[in-house]
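Just so it is clear, none of the values below were taken in a lab; they were calculated from the coordinates. In this text the structure is predicted, and so the values were computed from the model without any measurement. Don't worry about glycine lacking a Cβ; one is built from the backbone with ideal geometry, like all the others, and counts go over all protein chains shown.
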Amino acid sequence: MQLKDLLDQKQDAIKQLWLDLVLKTYPPDSWEFFKSQKDRFQNPVGVTLSEQIDSLYNFLLKDSPDDEISSLLEDFIKIRVVQDFTPSKAIGYILYLKQAVREILADDLNSSDIRKELLQYEAGIDELLLNTFDVYVDLRQKLFEIRTDELRRRSFTALRMMNSKPE
Amino acid sequence: MSSEENLKQEDLLKVDYKPAAKDWQDPTIDFEAKRGNWCYSGVLDSLDYLDMPHPEKKWAPTDEDWLLPENWKEIILDGLRLRLDRFRTLRLFMDTCVRCGACADKCHFFIGSGDAKNMPVLRAELLRSVYRKEYTLAGKLMGKMVGARELTIPVLKEWFYYFYQCTECRRCSVFCPYGIDTAEITMLVRELLAEVGLSIDWIVTPVANSFRTGNHLGIQPHGFVDSMEFAADDLKDIIGMDVEVPINKKGAEILFIIPSADYFAEPHYYTLLGYMALFKEIGLDYTFSTFASEGGNFGLFHSHEMIKRLNAKTYEEAKRLGVRYILGGECGHMWRVYHQYMSTMQGEQSNLEVPKSPITGTVFENAKTTKMIHIAEFTADLIKHGKLKLDPSRNDHWTPTYHDSCNPARAMGLLEEPRYILQHCCNNFVEMPDNTIREKTFCCGSGAGLGTDENLEMRLRGGLPRGNAVKYAQDKYNANILLCMCAIDKATLPAVCDFWAPGVQVGGVHEMVGNALIMTGEEERKVDLRGQPLSGKEGAKDV
């Protein structure tokens, strides 16, 4: 059996563990809420995270084209960018997938073929982390643009009055 | 590689990522690490202008020493005692909470951050724990066991941190079975903090400016007149007719008060053009005022005394100009003040009359006490009586959705009027999901004086639930503008939309009215109030 088949067969358990590991980056009083509330409007953090875990897992499993990756990552990274995390903590959750895979597939890793495939799979996760870094930096940049746009809007009339041509 | 070595590697990977549980009673905040979460302290000139206590030099939240007066603890505890005696509500709020958790997950800051102290129950507990220690027998005797805490400097700093992470939106109180109003708790804690010199600049400088020149930016009367004339010129370019802007007109029937952002900021400005077009068309006998040139009252975010000081000009000016009643524009917290505090603070105004629409004859009995009505009530009444000719197709380039601004919605119950107006002015109006609108509306995340730059991350985190619902309306219905009736919303929702739902603009209800309004003698409209071509007239030049 190949690693791909194992990842497919045991995906529910791996995704669940990955989700739990990410949720535990939040304070203990709140990760239960993020996990249990399924209404996307009452719990955008938890629901967006679950959706991203699904889509990233499929992305890695199916070897999807690279150009899709930014859009897959953006929704949840946006949340991490403005939450109370250092940059490494904000994007480091991608690496927790390694831990989830190794834990759930622990019994299957004795085969050297599977271990080789695992190294390759983990290289994919590393690549994903680099993509996440790009998206994170773009979004931080976006915050600066938002700040300057806000300043411009605040002095809208004054700027227009100053720039208007005398009749 | 042996399996034993493998096992070791696996062990190494098994890191416990779960943060160590922190006792909620531990108040320590690392302000340096929490940049983006707090606001700068008030500048001394502004505090001086308001005769507010402050240290000799400006302090920053990241400083170890906040330069508190020596008797700070006495000031806070005396102040708390005074307020417990003065406000029965506060005493009830301190005693009645049973920690049922109904409010816990209703705060936009908690939903966006996961920080448990953003749960309204726990935020209130930061004060309640001190109350328990000082004013209850159980707290005095059993201390920590019954959730009682000593008032210490770290506790005070924690108050500053968390009570300036509450936008006083009152969503939590909608869900509280006891009706505990966490916004009131926030207001009172901020009052106490101000008494020992702790306040934020985004509040005290607008307050000082309002006190000095009448509005948040400190625009002086001639600047106000220039701005209004500039707006009238802009409107003329769009409708092809001169627009008179009455200012300080004695004997006018109505005094019209708007948030100052309407005449200096974007997108507020288009709403101002909308009001002007409407009043011209119905021939309203009204006046603006350079003295009452600010509807907003940041005193609400500071202290009851400050609300009263700023609010006093409203009736004073109505009296000086000899108007019959007051009409107010699209503002949020301004309406909480007018609707819930003004008549108590300023007393009966016998010189004013119960508002009566000069166009429809409708008497607004609901404003019998305050003598002041909201423009949405006024305009909805005009439409209901068929007094306006409207062409909603002029808004066809918009698919609007409506954000119930917290204060008009929850503090006034103004839920139907704006929708009624929009349904008559727009063909494509759509709603966001039920649990995110009307009295359950999610805050913009920047109200109550928090709409500044240095805490943008916190604001966007708090704006996530709103932005998320806007994104849904954008994806599902192609919504492309978020309308609202609050100047803070109009200032801060563009950031929320740019981040969470890029492509969605922000505007006001009366901007849509101004677009749709068919005016007697107007030129054929080619552009909307933003100067953008109308649907089917894309060749038109921007004005």
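Per residue of B:262-269, how many C-beta atoms from partner chains lie within 10 Å of its own C-beta, taken as a mean? If you can, show how the numbers build up before the last one.
On the way: counts 1, 2, 8, 8, 9, 2, 4, 4.
Partner-chain Cβ atoms within 10 Å, mean over residues of B:262-269: 5.
Go through the stretch B:315-376 and name the GluC sites (Glu not before Pro) that are in a DSSP coil and have 16 or fewer other Cβ atoms within 10 Å of their Cβ.
On the way: sites: B:316, B:317, B:330, B:348, B:353, B:365; in loops: B:330, B:348, B:353.
The qualifying sites are B:348, B:353.
Counting only Cα atoms, I'd like the Rg/Rh figure for chain B, Kirkwood definition for Rh. Don't skip to the answer; put the middle values down first.
Numbers: Rg = 25.1 Å, Rh = 24.7 Å.
Rg divided by Rh gives 1.01.
What does the convex hull of the Cα atoms of the stretch A:85-167 come to per residue, in Å³, rounded to a whole number?
Details: hull volume 8.6 nm³, N = 83.
Expressed per residue, the convex hull around the Cα atoms of the stretch A:85-167 is 104 Å³.
First check a/c for the protein assembly as shown, with a ≥ b ≥ c the square roots of the eigenvalues of its C-alpha gyration tensor; if it is under 1.5, answer rounded, and if not, answer prolate when a/b is larger than b/c or oblate otherwise.
Details: a/c = 2.26, a/b = 1.40, b/c = 1.61.
Verdict is oblate for the protein assembly as shown.
Of the listed peptides A:23-29, A:134-140, what is their order by residue-averaged count of other C-beta atoms within 10 Å, with the highest listed first?
Details: A:23-29: 19.3, A:134-140: 16.1.
So the peptides A:23-29, A:134-140, ranked by packing, come out A:23-29, A:134-140.
Give me the percent of DSSP beta bridges within the stretch B:207-516 that run antiparallel, rounded to the nearest 5. Before the final figure, lay out each step's value.
Details: 1 of 19 bridges.
So the antiparallel bridges amount to about 5 percent of the total.
Averaged across the residues of B:106-118, what count of C-beta atoms belonging to other chains lies within 10 Å of each residue's C-beta?
Values: counts 1, 0, 0, 0, 3, 10, 5, 8, 14, 6, 6, 2, 1.
If you average over the peptide's residues, the count of other-chain Cβ atoms is 4.
Per DSSP helix of 4 or more residues, -39500 (n - 2.57); summed, then divided by the residues of the protein assembly as shown. What does that give at 222 nm, rounded to the nearest 500?
Dividing the helical sum by the residues of the protein assembly as shown leaves -16000 deg cm²/dmol.
How about the stretch B:236-280: which trypsin sites (Lys or Arg not before Pro) there lie in a loop by DSSP and see at most 12 other Cβ atoms within 10 Å? Before the final figure, lay out the partial values.
Details: sites: B:236, B:249, B:250, B:280; in loops: B:249, B:250.
Those that pass, being in a loop and sparsely packed, are B:250.
Evaluate peptide A:42-50: per residue, the Cβ atoms of other protein chains within 10 Å of its Cβ; return the mean as an integer. Intermediate values should be presented prior to the final figure.
Values: counts 10, 4, 11, 8, 2, 1, 2, 0, 0.
Per residue, the number of nearby Cβ atoms from other chains is 4 on average.
Around residue B:397, which amide H atoms from residues at least 5 apart in sequence, or from another chain, sit under 5 Å from its own amide H, with H modelled in the peptide plane?
Here B:535 satisfy the definition.
Which links in A:35/B:144; A:24/B:34; B:250/B:387; B:308/B:368 stretch past 23 Å when you go from one Cα to the other?
A:35/B:144; B:250/B:387
Can you give the net charge of the other residues whose Cβ lies under 13 Å from the Cβ of residue B:461, counting K and R as +1 and D and E as -1? List each step's numbers first, then the result.
Values: positive: A:78, A:80, B:34, B:459, B:466; negative: A:84, B:115, B:457.
Net local charge, residue B:461 excluded: +2.
Please list, ordered by chain and number, the residues whose modelled amide H lies under 5 Å from the amide H of residue B:284; skip anything fewer than 5 residues away on the same chain.
It is none; the list stays empty.
Using only Cα atoms, tell me the angle between helix A:44-62 and the longest principal axis of chain A; keep it within 0 to 90° and round to the nearest 10.
Tilt of helix A:44-62: around 50 degrees.
Take B:216, B:385, B:510 and order them by how many other Cβ atoms sit within 10 Å, fewest up front.
Working: B:216 22, B:385 13, B:510 30.
In order of increasing Cβ crowding within 10 Å: B:385, B:216, B:510.
Does the stretch A:3-163 come out rounded, prolate or oblate by the C-alpha gyration tensor, with a ≥ b ≥ c the root eigenvalues, rounded set by a/c under 1.5 and, if not, prolate when a/b is larger than b/c and oblate if not? Mind showing how you got there, number by number?
Values: a/c = 2.95, a/b = 2.00, b/c = 1.48.
Verdict is prolate for the stretch A:3-163.
Quick one: which residues, 5+ away or cross-chain, put their amide H under 5 Å from the amide H of residue B:200? H built at 1.01 Å from N.
Under 5 Å from the amide H of residue B:200: B:42.
List, in order, the whole-Hz ³J(HN,Hα) value for each residue of the stretch B:389-404 obtained from phi through the Karplus relation with A = 6.51, B = -1.76, C = 1.60 and θ = phi - 60°; use x for Gly and Pro.
8, 10, 10, x, 5, 5, 10, 5, 6, 10, 10, x, 10, 10, 9, 5
In whole Hz, what ³J(HN,Hα) sequence does the stretch B:284-298 give by Karplus (6.51, -1.76, 1.60; θ = phi - 60°), x for Gly and Pro?
Once rounded to whole Hz, the list reads 6, 8, 9, 8, 7, 9, 7, 7, 8, 9, 9, x, x, 9, 6.
From the P(r) of the stretch B:44-199, can you give the percent of Cα pairs sitting at distances over 22 Å? Can you show the working numbers first?
On the way: 5147 of 12090 pairs.
Tail fraction, whole percent: 43.
Counting just the Cα atoms, what span does the stretch B:222-324 cover along each of its three principal axes? Round to the nearest Å and put the largest first.
Principal-axis extents of the Cα atoms in the stretch B:222-324, largest first: 46, 31, 23 Å.
Counting pairs of alpha carbon atoms under 8 Å apart in space and at least six apart in sequence, what relative contact order in percent does the stretch B:420-486 give? Write down the numbers at each step before the final one.
On the way: 41 pairs, mean separation 21.0, N = 67.
Once divided by the residue count of the stretch B:420-486, the mean separation gives 31 percent.
For the stretch B:33-103, what does the alpha-carbon gyration tensor say about shape, rounded, prolate or oblate, given a ≥ b ≥ c as the root eigenvalues, a/c under 1.5 as rounded, and a/b over b/c as prolate?
It comes out oblate by the Cα gyration axes.
When N counts the residues of the stretch B:207-516, how does its alpha-carbon radius of gyration compare numerically with 2.2 N^0.38 Å, as a ratio? The partial results should precede the final answer.
Working: Rg = 18.2 Å, N = 310, 2.2 N^0.38 = 19.5 Å.
Expressed relative to 2.2 N^0.38 Å, the Cα Rg reads 0.94.
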